[in-house]
Amino acid sequence: MKYVCSACGWEYDEEAGYPEGGIAPGTKWEDVPDDFECPVCGLDKSSFDPAE
């Protein structure tokens, strides 16, 4: 599943993870740390919505 930042549109893809940010491929969104910030605009995890 993918989650999209509501401000800038950056996508987090659970399958790909975010290795540059220390999040391994296959990491479910609920397992991403609560202090995660969008790497593009800096908004927090609560600013992400499931992709349609």
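No value in this document is a laboratory result; all are computed from the given coordinates. These numbers come from a predicted model, not from an experiment. With ideal geometry, Cβ positions are generated from the backbone for all residues, glycine too; neighbour counts draw on all protein chains shown.
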Expected single match for in contact (Cβ under 8 Å) with a residue 40 or more places away in the chain, of a type in the set (D, E, K, R), out of contact with any Leu (no Cβ under 6 Å at 6 or more places or on another chain) and surrounded by fewer than 16 Cβ atoms within 10 Å (Cβ to Cβ) among 34, 49, 44, 13 is 49
Would you check which residues across the stretch 18-52 are within 8 Å of the chain's Cα centre (by Cα) and not in a strand (DSSP E or B) and list them?
29, 32, 36, 38, 45
Name the residues in the stretch 1-17 that are under 12 Å from residue 40 (Cα atoms) and assigned to a loop (DSSP other than H, G, I, E, B), would you?
6, 7, 8, 9, 10
